[in-house]
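Everything below concerns the one structure shown next.
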Amino acid sequence: MDLKSELLKSIWYAFTSLDVERCGKVSKSQLKVLSHNLYTVLNIPHDPVALEEHFQDDDDGPVSNHGYMPYLNKYILDKVQLNALHLHRLQQKF
C-alpha cells in the first residue's frame, strides 16, 4: 500500500472514532484538532485559518467525511506526498 492509502486508512479510523453519535459527521472543532495533530505528526507547516476558510460557506454544524476530504487532500495529503518526494530525492543524493 502506498503512503497516501495508509494515511487515509488511519485518518478514517480517527474520523470514525470522533463520530460519537454515529451520524457520519464530526464537529469543526474536532476536525481542527485532528488536522492540527496531523500537521504536527507529519511535519507539515500549519495554516491555522485554512480549515475555517475552507468551510466558511458552511454553517457551524458538523462536517461529513466527504466534506472533510477536499480539505484533507489539498492541505495535508498533497503536502505529505511532496515532503515524501523531497525526502526520497535527498536520500538519493547521499
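Hydrodynamic estimate: the Kirkwood radius of the stretch 1-49 over Cα pairs, inserted into Stokes-Einstein at 37 °C and 0.692 mPa s, corresponds to D of 279 µm²/s. Of the listed pairs Lys28/Lys79; Lys4/Lys79; Lys4/Lys74, which have alpha-carbon separations greater than 18 Å here? In this structure, Lys28/Lys79 exceed 18 Å between Cα atoms.
Throughout, read-outs are computed from the coordinates displayed, never taken from laboratory work. As the structure is a prediction and not an experimental result, all values here were calculated from the model.
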